[in-house]
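*Asks:* Take this structure, written in structure tokens, and hold onto it; I'll ask about it next.
The values are calculated or read from the model by the stated rules, or taken from the named source; none is laboratory data. Since this is a predicted model, take the numbers as computed values, not measurements. A quick note on method: Cβ atoms are made from the backbone with ideal geometry, for glycine too, and the neighbour counts reach across all protein chains shown. Note: areas computed on protein heavy atoms with side chains; ligands, DNA, RNA excluded. Shrake-Rupley method; radii C 1.70, N 1.55, O 1.52, S 1.80 Å.
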Amino acid sequence: MNRSALTHFAGIVIVLVILAVLPHFLRYHHQDFLIFLVINILVVSSYRLVTLTGEWSLIHAVMMGVGAYGSAILSKQFNVSFWLSMPLAGVVAGSVAALLCYPLFRMTQFYFLIGSFAAGEAIRLSWIHFIKPFGGTSGVSGIPSPELGNIDFLEPIPYFYLVLIIVTLCLFLLYRVEKSRVGLTLHAVHWKAPLAESVGVNTWNYRSLAFITGSVFVGIAGALKVHYIGTVTPKQFDIGFMVFILIWVIVGGYRTFYGAIIGAIVLSILDEAFREFDELRPAIYGAILVFAILFLPAGLESLPQRLREKFGRSGAKEAG
Amino acid sequence: MAILEVRNLTKQFGGLTALNDVSFSVEPGEIHGLIGPNGAGKSTMFKNIAGFYAPTSGEIRFDGRDITGLKPSRISHEGIVRTFQETTLFQELSVFDNVLVGTHNRSRTDIFSAILGLDRQKQREAEDSAIEVMEFMGLADRRDQLAAELPLGSQRALAIAIALVSKPRLMLMDEPFAGMNPEETGHMMDLTRRVRESGVTIVLVEHDMKAVMGLCDRLTVLNFGTLLARGSPEEVRNNPDVISAYLGGSHA
Ligand SMILES: Nc1ncnc2c1ncn2[C@@H]1O[C@H](COP(=O)(O)OP(=O)(O)O)[C@@H](O)[C@H]1O
Ligand SMILES: [Mg+2]
């Protein structure tokens, strides 16, 4: 392990330790907040994988819903245990994504963006339309919480640990994918698709691969969310939530693995801080987005680098 | 037997006929020049052979097999790789990563082995061949530089390295000498010869006549999408059609 890998490793351990003790110092309501924050970190990180090939979809929130509905229906109507339905949520979301690849990846860029939005709305409408099994606008409620020995997963602290462990594991897997040759090829498809093709990369396959894999992980995030709330509705995964995902990734930055994560953390905390000004929150979010695009076009992730440049600490140029 | 055989190839873009019933063949081990004035259809020919365009009619055979209309990635699997007229690199990736992408065909991995770390052996093989090709192309000491930051000569060398590391049997090089000074050209000519000596057949599109005459075993001349002449550099140089249509015309 070289020095930069060691610093990264130490950083991750510190963050995990802080997260592990943090809920004990928080009020009930903030413990909930922390659970959703950790789930949202998985949402943005899986979205990052999808965007690696350069295609920004507008269906990620809906794919999260596909996993959520999948797990909710499996556990409620078929009595499947959470421990099985949660990973199966990933399989369900991944399979739906695979079916969508054929129509969606005939398009690129702007058309892909719009096409993915339309496909997502079609799925959301079918949740509303088919009361059986999706329960219409009121969705599915009474989703059972996980069972394991005598741990009470209705309480936020045990559920938080459950979420923390699963999300950490998923992030580790996502990170491995990105740093592997598969991840390198995804980058290559983004930067110069024709050149990648000329050396044998089937760009269609790789775009699909990123989309399916990202959907698997966001499907798991969806299951984690609704098994805590106990209810799944179409509203939870609408375009409004998708816009949040986009803002987190854009404000955080999409050059590095941790950019989107920082974006989700910082903006969620700001959002929470402004909870009192309820009707002003969208405006505050908008202002932050505009500010970030104007003054931090490379995202929050570029902040350390820029501060370093500004205050001229020499020889501190690290590999990201 | 010819390694590449183009038979009666026609390519139309709407009303424009970019290639009109062109046939030529390339023998194994040669450096074959494909020349002609701007707009003659040379790049279009490469894109048809490499699968980036589908021919309107005609047939392309590689090693006796019909490869007409296959996708670029499939054609690359067959052993044909093209370089691009405009220097085309993964600008945001390091030199090493650029070359590593080129190993795609030979050491495939899939996402499960990537996650589980089962592809270590392949990873090492890929890295070894990337390093070998970087040394071969004189890029070894630029390993961690971003492609975008390289000087022109090294960018061209990198483009060839990406193609070469995929171990092609036929390489289509589109104007590798464009914009180079005589010194860089000389260096590039050496590299091209070494690529051929390593067992790769080359088709070269180039305007630099000194390079073409110095490198090529045989030439095919296109003009306005039609075949104008074929033969050794000597024959082509003395062909009156070529002199009037091409050497005379555009060099006047
Ligand atoms: N994608 C395309 N669409 C329409 N016309 C094209 C396209 N590509 C090339 N052409 C036309 O085909 C002709 C041959 O172009 P090209 O193959 O690039 O010539 P060369 O490489 O010999 O300079 C030109 O007239 C060019 O304008
Ligand atoms: Mg050309």
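*Asks:* For segment A:184-194, how many residues meet the condition of being within 19 Å of residue B:112 (Cα to Cα) and either touching a Leu at 6+ places or on another chain (Cβ under 7 Å) or more than 9 Å from every other protein chain (Cβ to nearest Cβ) (or both)?
*Replies:* Looking only at that region, the number is 3.
*Asks:* Testing residue A:176 on (1) over 30 Å from residue A:141 (Cβ atoms); (2) more than 7 Å from chain B (Cβ to nearest Cβ); (3) open to solvent by 40 Å² or more (accessible area, probe 1.4 Å), one condition comes back false. Which one is that?
*Replies:* So residue A:176 meets the others, but not (2).
*Asks:* Show the residue pairs that are 6+ apart or on different chains and have beta-carbon atoms under 7 Å apart, the first residue being within segment B:98-115 and more than 7 Å from every other protein chain (Cβ to nearest Cβ), the second being of a type in the set (Val, Ile, Thr).
*Replies:* Going by the 7 Å Cβ cut-off, the qualifying pairs are B:98/B:162; B:99/B:133; B:99/B:162; B:99/B:165; B:103/B:165.
*Asks:* Look through segment B:47-97, keep the residues that are without any contact (Cβ under 8 Å) to a residue 40 or more places away in the chain and among the acidic types (Asp, Glu), and return whichever of them is farthest from residue A:255 (Cα to Cα).
*Replies:* By that ranking, first place goes to B:66.
*Asks:* Also, quick follow-up: Within segment B:35-153, which helices (runs of 4 or more DSSP H) (wholly inside it) include 3 or more residues that are under 30 Å from residue B:5 (Cα atoms) and either open to solvent by less than 50 Å² (accessible area, probe 1.4 Å) or among the acidic types (Asp, Glu) (or both)?
*Replies:* B:42-49, B:72-78
*Asks:* Looking only at segment A:151-179, which residues are free of Cβ contacts under 8 Å to residues at least 60 places away in the same chain, of a type outside the set (A, V, I, L, M, F, W, C) and not in a strand (DSSP E or B)?
*Replies:* Residues satisfying the conditions are A:155, A:158, A:176, A:179.
*Asks:* Next up: Among the residues of segment A:108-142, count how many are in a helix (DSSP H, G or I) and open to solvent by less than 40 Å² (accessible area, probe 1.4 Å).
*Replies:* Narrowing segment A:108-142 to residues in a helix (DSSP H, G or I): A:109-129, A:131-134, A:136-138.
Add one more test, that the residue is open to solvent by less than 40 Å² (accessible area, probe 1.4 Å), and what stays is A:112, A:115-116, A:119-120, A:123-124, A:126-127, A:136.
Count: 10.
*Asks:* Taking the condition of being among the charged types (D, E, K, R), within 12 Å of ligand 1 (Cβ to nearest atom) and more than 14 Å from chain A (Cβ to nearest Cβ), how many residues in segment B:11-61 meet it? First the steps, then the outcome.
*Replies:* Residues of segment B:11-61 that are among the charged types (D, E, K, R), as a first pass: B:11, B:21, B:27, B:30, B:42, B:47, B:59, B:61.
Okay, now just the ones that are also within 12 Å of ligand 1 (Cβ to nearest atom), so B:11, B:42, B:47.
In the following step, the residues that additionally are more than 14 Å from chain A (Cβ to nearest Cβ) were identified as B:11, B:42.
So the answer is 2.
*Asks:* May I ask you to list the residues in segment B:1-17 that are surrounded by fewer than 22 Cβ atoms within 10 Å (Cβ to Cβ), in contact (Cβ under 8 Å) with a residue 12 or more places away in the chain and not in a loop (DSSP other than H, G, I, E, B)?
*Replies:* Hits for segment B:1-17 are B:5, B:7, B:8, B:10, B:12, B:17.
*Asks:* Could you list, in sequence order, the residues of segment B:67-97 that are more than 8 Å from chain A (Cβ to nearest Cβ) and among the hydrophobic types (A, V, I, L, M, F, W, C)?
*Replies:* B:67, B:70, B:75, B:80, B:95, B:96
*Asks:* Now, a different point. Quick check: is even one residue across segment A:196-216 more than 7 Å from chain B (Cβ to nearest Cβ), among the polar types (S, T, N, Q) and within 26 Å of residue B:159 (Cβ to Cβ)?
*Replies:* Yes, there is a match, as at least one residue in segment A:196-216 is more than 7 Å from chain B (Cβ to nearest Cβ), among the polar types (S, T, N, Q) and within 26 Å of residue B:159 (Cβ to Cβ).
*Asks:* Take the conditions more than 8 Å from chain A (Cβ to nearest Cβ) and aromatic (Phe, Trp, Tyr) and apply them to residue B:177. Does it pass?
*Replies:* Spelling it out, residue B:177 is indeed more than 8 Å from chain A (Cβ to nearest Cβ) and aromatic (Phe, Trp, Tyr).
*Asks:* Please give the number of the condition residue A:105 fails out of (1) aromatic (Phe, Trp, Tyr); (2) open to solvent by 30 Å² or more (accessible area, probe 1.4 Å); (3) touching a Ser or Thr at 6+ places or on another chain (Cβ under 7 Å).
*Replies:* Residue A:105 satisfies all of (1) aromatic (Phe, Trp, Tyr); (2) open to solvent by 30 Å² or more (accessible area, probe 1.4 Å); (3) touching a Ser or Thr at 6+ places or on another chain (Cβ under 7 Å) except (2).
*Asks:* While we're looking at this one, here's another question. Hey, among B:52, B:84, B:96, B:62, which residue is among the aromatic types (Phe, Trp, Tyr) and in the same structural domain as residue B:154 (by TED's automatic domain parsing)?
*Replies:* Just a single option satisfies the conditions, and that option is B:96.
*Asks:* Same structure, new question: Looking at B:230, B:194, B:156, which is the one that is basic (Lys, Arg) and in contact with a Lys or Arg (Cβ under 9 Å, 6 or more places away or on another chain)? Talk me through it step by step, then tell me what you get.
*Replies:* Details: B:194 fails: in contact with a Lys or Arg (Cβ under 9 Å, 6 or more places away or on another chain); B:156 fails: in contact with a Lys or Arg (Cβ under 9 Å, 6 or more places away or on another chain).
Unique residue meeting the criteria: B:230.
*Asks:* A follow-up question, please. For the condition in contact (Cβ under 8 Å) with a residue 12 or more places away in the chain and not in a helix (DSSP H, G or I), what is the one hit in A:45, A:57?
*Replies:* A:57
*Asks:* While we're here: Among the residues of segment A:77-91, is any over 30 Å from residue A:194 (Cβ atoms), in a helix (DSSP H, G or I), open to solvent by 50 Å² or more (accessible area, probe 1.4 Å) and in contact with a Ser or Thr (Cβ under 8 Å, 6 or more places away or on another chain)?
*Replies:* For segment A:77-91, residues over 30 Å from residue A:194 (Cβ atoms), in a helix (DSSP H, G or I), open to solvent by 50 Å² or more (accessible area, probe 1.4 Å) and in contact with a Ser or Thr (Cβ under 8 Å, 6 or more places away or on another chain): present.
*Asks:* Out of all the residues in segment A:272-294, is one or more surrounded by 20 or more Cβ atoms within 10 Å (Cβ to Cβ), free of Cβ contacts under 8 Å to residues at least 24 places away in the same chain and part of a helix (DSSP H, G or I)?
*Replies:* Taking every residue of segment A:272-294 in turn, none turns out to be surrounded by 20 or more Cβ atoms within 10 Å (Cβ to Cβ), free of Cβ contacts under 8 Å to residues at least 24 places away in the same chain and part of a helix (DSSP H, G or I).
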